[in-house]
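Student: First, the structure itself, so that you have it in front of you.
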Amino acid sequence: MRVSLSLDVTAGEGFLAPYLDGLRRGEAIAGRCTACGRTALPPEPRCRCGAAAAEMRRLAGTATVLWRTTGTDGDAALVRFDGADTLSVARLETVGGATRVRIAASDAAALVVTAEPSP
């Protein structure tokens, strides 16, 4: 016997809600472990020290491009945000050869960076 089921499920954003809201506004919201002080962007549910308690904090939103690639869906990069201890994968928008980037607002709550304006 074969049975087909149709489900309509809505899952909340959970502990990532502040991070995702920040992406929509163009802000870098990271999680800082209250036990060891490690700052992760994106926030992690549990720090590598084992602690589960983290406080959300806003970073400056600037980052350094460590590695980049071009794919069929556009450009992507491995970046380190200023103030974060972790690396992040971000979509590159109009970056060219820039090595310094700034987070950009994304309606889709995606991590997008663009070239930082020259001083």
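Student: Any idea what the dipole of segment 1-94 comes to, in debye rounded to 20, about its Cα centre with Lys/Arg Cβ at +1 and Asp/Glu Cβ at -1?
Tutor: With Lys and Arg at +1 and Asp and Glu at -1, about 240 debye.
Student: Continuing with the same structure: What is the set of long-range amide H partners of residue 54 at a cut-off below 5 Å, with H atoms built 1.01 Å from backbone N?
Tutor: 34
Student: Summing +1 for each Lys or Arg and -1 for each Asp or Glu, what net charge is found among the other residues whose Cβ lies under 12 Å from the Cβ of residue 24? If you can, show how the numbers build up before the last one.
Tutor: On the way: positive: 25; negative: 13, 21, 27, 107.
Summing Lys/Arg as +1 and Asp/Glu as -1 gives -3.
Student: Where the convex hull is taken over the Cα atoms of segment 5-119, what is its projected area averaged over directions, in nm²? Mind dumping the intermediate values first?
Tutor: Values: hull surface 37.6 nm².
If you wrap the Cα atoms of segment 5-119 in a convex hull and average its projections, you get 9.4 nm².
Student: Still on this structure: Kindly rank 41-52, 16-27 from highest to lowest mean number of other beta carbons found within 10 Å of each residue.
Tutor: On the way: 41-52: 15.3, 16-27: 17.2.
Top of the packing list down: 16-27, 41-52.
Taken together, the values in this text are just the output of simple stated rules run on the coordinates, not laboratory data. All figures in this text were calculated on a predicted structure; none of them were measured in a lab. Cβ coordinates were reconstructed from backbone atoms using ideal geometry, including for glycine residues, and neighbour counts include every protein chain displayed.
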